[in-house]
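Student: Here's a structure for you.
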Amino acid sequence: MFFFKKARARSAPSSGDARLELTQKEEAPSRLARRRTKRRTTRKTRIQGKTVEETSKRAVRKKTGLTIEDDTPSLQKTATSSRSVPAKSFEETSQRRVSRAAKRAQVKVFVEETFKKGVKGLIAEFKSMKRVNDFSKMTEFVAQNAQGRNRYKDVGCLDNDRVIIRIGPVSYIHANYVSSPTNPKRFICTQAPLPKTCPDFWYMVVQEKSVAILMLCNFIEQNAKKCAEYFPVEEDKPCSFEGGVTVQLKKQEPLPFPFETKIHILVRHLEVSVPGQPVHNCKHYHWQDWPDRGVPDADLAPIVLLSKLKDSPAPIIVHCSAGIGRTGSIVLIQHAMELLHIPAPLLEISTYLIELRKQRNNSIQTEHQYLYIHQVLLLYLKKTKYLDESVTPYMEAFTRDYINATKGF
């Protein structure tokens, strides 16, 4: 109070000052109203020590009648939600960075070992892992050979992890559950349907509630029948099978890729009906140019395909002709991809192949398929910035050797 009086005594306001003071008094209520309005339409969100102003969607809707999407990355907002996703805590962010750093160190070891082995070393490694058939662990497979439900008599189906059909007239099918690092039943690996087993295949699809089927072969390859026609290829011509099983094609379109590729994958939307069960809808992904016992052009096509299926709530059904070569390649690529996003270490692919063969016997048939898995993973690691420019010469040398080794396959 003392300082206030002293200040007034020292300098009396001029007429201009008086008018300014009067104007300020008159404007005060309007400023106050504006501040109140601003408080209603602006929320300040504190994210990791930084303040981000976000315009209220409610206010924007009221004013314009439109729904907007906030462009602030930190808020992770969408036009269909009126609440922002809670910001990550500092501890969560730090943990994510530490995990990325730890994973980068694991990737470095994996890549160095891969380049150290080289293409010749990987071929030798694959050949050292002999494929065997222990028929004492495949009793049901042996029993079904006489029933004509196995496509190849030398491609066994292990009793453990075998899929058992419980809703159909026949319980046996040449198929095994296969796990991934994040899901104990990520895949069902199976042989291509035979004319006799087409109904069994669809009973399995409906029972497991599978919404994605990957077909990695064609009906005929190298003038040999590799798969029965178990689904329709025209929209107005549904397929019917023994026991009242029907499959209808609703629509189909090619799978789009964000880069140029020679790979062709056709996506079919199917409607499946089996007796005693609700109508089931699923997508059928047909990779049309993966050669039998060979490899397609190595690019990120399998990564794009698998990314479409990552949120599948049920087992992804995968088959080629035997259900072990091309099928096993896709499974191992997915296995390695998942390891990049969890704390578990990324080890040599040979470790995972040994484990895969305990679930799906003799998976990965050729050294070319084994090399293909490595080449795709290296391309993916480069694309996702796990590899820096220092490895470029080694990557180029490995790729040259890979192309030479797989030429013609």
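Here, each number is a calculation from the coordinates, and none is a lab measurement. Note that the structure is predicted; figures quoted are calculated from it, not measured. No Cβ is skipped: glycine too gets one built from the backbone with ideal geometry, and neighbour counts run over all protein chains shown.
Student: Applying a 10 Å radius around every beta-carbon, put 267-278, 190-201 in order of their mean neighbour count, most first. Write down the numbers at each step before the final one.
Tutor: Working: 267-278: 16.2, 190-201: 22.3.
Going from most to least packed, we get 190-201, 267-278.
Student: For the range 193-284, what relative contact order do you get, as a whole percent, if you take Cα pairs closer than 8 Å and at least 6 residues apart? If you can, show how the numbers build up before the last one.
Tutor: Values: 144 pairs, mean separation 24.9, N = 92.
The normalised contact order for the range 193-284 reaches 27 percent.
Student: What dipole magnitude, in Debye to the nearest 20, does the range 277-350 give about its Cα centre under +1 on Lys/Arg Cβ and -1 on Asp/Glu Cβ? Display every interim value, and only then the final one.
Tutor: Working: 5 positive and 7 negative charges, 48 e Å.
The calculation lands at about 220 debye.
Student: Quote to one decimal, in nm, the extra length available between Ser171 and Ser128 on full extension: 0.36 nm per residue of separation minus the C-alpha distance between them. Intermediate values should be presented prior to the final figure.
Tutor: Working: separation 43, 0.36 × 43 = 15.48 nm, distance 3.60 nm.
11.9 nm is the gain from fully extending Ser171 to Ser128.
Student: Which whole-Hz ³J(HN,Hα) couplings does the range 135-148 yield from phi under the Karplus relation 6.51 cos²θ - 1.76 cosθ + 1.60, θ = phi - 60°, glycine and proline marked x?
Tutor: So the Karplus estimates, Gly and Pro as x, are 5, 5, 9, 9, 5, 5, 4, 4, 5, 7, 4, 6, 8, x Hz.
Student: Additional query: Would you mind giving the three semi-axes, in whole Å and largest first, of the ellipsoid equivalent to the range 109-406 according to its Cα gyration tensor?
Tutor: Values: eigenvalues 214, 94, 59 Å².
For the range 109-406, the semi-axes come out at 33, 22, 17 Å.
Student: Separate question: Give me the number: length gained by fully extending Lys407 to Glu389, i.e. 0.36 nm times residue separation minus the C-alpha to C-alpha distance, one decimal in nm. Could the numbers behind the result be given before it?
Tutor: Working: separation 18, 0.36 × 18 = 6.48 nm, distance 2.70 nm.
Additional length available on full extension: 3.8 nm.
Student: Still on this structure, I have one more. What is the dipole size for the range 319-401, taken about its Cα centre, with +1 at each Lys and Arg Cβ and -1 at each Asp and Glu Cβ, in debye to the nearest 20?
Tutor: 300 debye
Student: Listing Cys189, Cys227 from the residue with the fewest other Cβ atoms within 10 Å to the one with the most, what is the order? It would help to have the intermediate numbers written out before the result.
Tutor: Details: Cys189 31, Cys227 20.
Least crowded to most crowded, the residues run Cys227, Cys189.
Student: Also, quick follow-up: Work out the FRET efficiency for Lys120 and Val233 from their Cβ-Cβ distance, taking R0 = 41 Å, and round it to the nearest 0.05. Write out the running numbers ahead of the final one.
Tutor: Values: r = 43 Å, r/R0 = 1.04.
E between Lys120 and Val233, to the nearest 0.05, is 0.45.
Student: First measure r as the distance between the Cβ atoms of Glu396 and Phe219, then evaluate 1/(1 + (r/R0)^6) with R0 = 51 Å and state the FRET efficiency to the nearest 0.05. Could you put the intermediate results ahead of the total?
Tutor: Details: r = 38 Å, r/R0 = 0.75.
The computed FRET efficiency comes out at 0.85.
Student: Between the range 180-208 and the range 264-304, what is the C-alpha centre distance in whole Å?
Tutor: Centre-to-centre distance over Cα atoms comes out at 13 Å.
Student: May I ask you to sort Ser180, Ser321 by Cβ crowding, counting other Cβ atoms within 10 Å and putting the fewest first? Write down the numbers at each step before the final one.
Tutor: On the way: Ser180 19, Ser321 23.
So the ranking, lowest neighbour count to highest, is Ser180, Ser321.
Student: Continuing with the same structure: Identify, among Gly243, Ala301, His280, the residue whose Cα sits farthest towards the positive end of the charge dipole of the range 229-306, taking +1 on the Cβ of Lys and Arg and -1 on the Cβ of Asp and Glu, with the dipole about the Cα centre.
Tutor: His280
Student: Using θ = phi - 60° and the Karplus form 6.51 cos²θ - 1.76 cosθ + 1.60, what ³J(HN,Hα) does each residue of the range 227-237 get, whole Hz, x for Gly and Pro?
Tutor: Those phi angles translate into 7, 6, 7, 9, 8, x, 10, 10, 5, 9, 10 Hz.
Student: State the answer as a single residue: which of Gln334, Val109, Ile317 lies farthest towards the positive end of the charge dipole of the range 109-406, with beta carbon charges of +1 for Lys and Arg and -1 for Asp and Glu, about the Cα centre.
Tutor: Ile317
Student: State to the nearest 20 debye the size of the charge dipole of the range 109-406 about its Cα centre, where the only charges are +1 on K and R beta carbons and -1 on D and E beta carbons.
Tutor: Numbers: 35 positive and 32 negative charges, 107 e Å.
Rounded to the nearest 20 debye, it is 520 debye.
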